[in-house]
Amino acid sequence: MNYNKAYIARLGVSAVSSIVQEELKWIFREQPKDDFGIDAYIEICDNGMPTGRLIAVQIKSGNSYFARKTTEGYIFKGNNRHLDYWLSYSLPVILVLYNHMDKKAIWTPITQELVKQNDKSWNITIPEESYFNLSSMDRIKNMVTPIISKTLSKDELLCQFDNNNSSELKMEGFLDTLNEIEKCVDIINPIIDSTFARLLKTLSYRIKVRLLTNTKYCEKILWMRNAPGIEVHCMPQNHSMLHSKFMIIDGEAVLYGSANLSEHSWNSSYEVVLASKETNIVDSYRSEFCQLWKESIPV
């Protein structure tokens, strides 16, 4: 049976809406047609209650989107205008492809790390098994920053890093600690992914953020410069700072260890993260930061 493009597009939106509401038990808010590049917002719910945590979604429907396939998955190709819009969007953006013939939906986050881009276009590979359904719930939830319940003091939160080696607690404790920062945070880390970049940009509307990373990752997070309270500097690829990984919180505490600023790193049981408020330790890291900041290049 032949369908026109508008009808096929509606089938995709309807199918994704059903998955979100019936399987994930979340809220689906379709957007007006004049909203450039975004078809809907998904609001995550916990036990049926809205959380205020949103994800933007672009839906592409039709079997033509499944025509290009490699051993790694299906290849979606787009124009740079849409990509630039999505990468600079204030919310995480996901792309869902829907095949109305076999009623299959697959998805991927739209991040700088996953796309391949040239002067005119870009493409992204979506694994064949990356189904948009209940099995994708945790991965989607991890794309957005949780709304933190302020039940612990900053000191109590910092203590968690020394007393528990659970990677889940490390990540949860890290997000809680960021939420409790009152004035400023100074960060040195050679690797930062798009999730942490968005988190720091959000923080910069409330506190002062200084980030020092290497040249490779500076190029991927140029969009952060528009935030009012953030400064980004970079170091060359071969600089010794590539081995430094720490953050100084309000000038009075430091988190340090082996973890990069990436979801993969913070969800790994192999990474070590420690905290200290001892004056001599904090002063040592502050001196290192100030010296490297002077040597670095503003982005």
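No lab work stands behind these numbers, since they all come straight from the coordinates. What you are looking at is a predicted structure, and each value in this text was computed from that prediction instead of being measured. All Cβ positions, glycine included, derive from the backbone under ideal geometry; neighbour counts span all protein chains shown.
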Projected label distance in nm at Thr202 and Asn63, using a 7 Å step from Cα toward the beta-carbon: 4.1 nm
Exposure proxy ranking, count of Cβ atoms within 10 Å, fewest first, for Cys184, Cys290: Cys290, Cys184
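Set the Förster radius R0 to 41 Å, insert the Cβ-Cβ distance between Cys184 and Glu23 as r into 1/(1 + (r/R0)^6), and round the FRET efficiency to 0.05. Can you show the working numbers first?
Values: r = 42 Å, r/R0 = 1.03.
After rounding to 0.05, the efficiency reads 0.45.
Explain nothing, just the number: dipole magnitude of region 5-144 about its Cα centre with +1 on each Lys and Arg Cβ and -1 on each Asp and Glu Cβ, in debye rounded to the nearest 20. If you can, show how the numbers build up before the last one.
Working: 17 positive and 16 negative charges, 80 e Å.
It works out to roughly 380 debye.
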In Å, descending, principal axis extents of the Cα set of region 5-144: 43, 33, 30
Per-residue Cβ neighbour rank within 10 angstrom, fewest leading, Phe132, Phe28: Phe28, Phe132
Length gained when the stretch Glu30-Asn280 is fully extended (0.36 nm per residue, less Cα-Cα span): 84.6 nm
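State which entries of Lys5/Lys141; Lys77/Lys120; Lys60/Lys201 exceed 22 angstrom in Cα-Cα distance in the structure shown.
Numbers: Lys5/Lys141 31 Å; Lys77/Lys120 11 Å; Lys60/Lys201 29 Å.
Listed pairs above 22 Å: Lys5/Lys141; Lys60/Lys201.
Looking at region 1-99, which GluC sites (Glu not before Pro) are DSSP coil and have at most 15 other C-beta atoms within 10 Å of their C-beta? Display every interim value, and only then the final one.
On the way: sites: Glu22, Glu23, Glu30, Glu43, Glu72; in loops: Glu72.
Of the GluC sites (Glu not before Pro), the ones in loops of region 1-99 whose Cβ has at most 15 other Cβ atoms within 10 Å are Glu72.
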Ranked Lys120, Lys5, Lys104, criterion: other C-beta atoms within 10 Å, fewest first: Lys120, Lys5, Lys104
Distance in nm between pseudo-label sites at Arg10 and Tyr41 (7 Å out along the Cβ direction from Cα): 2.5 nm
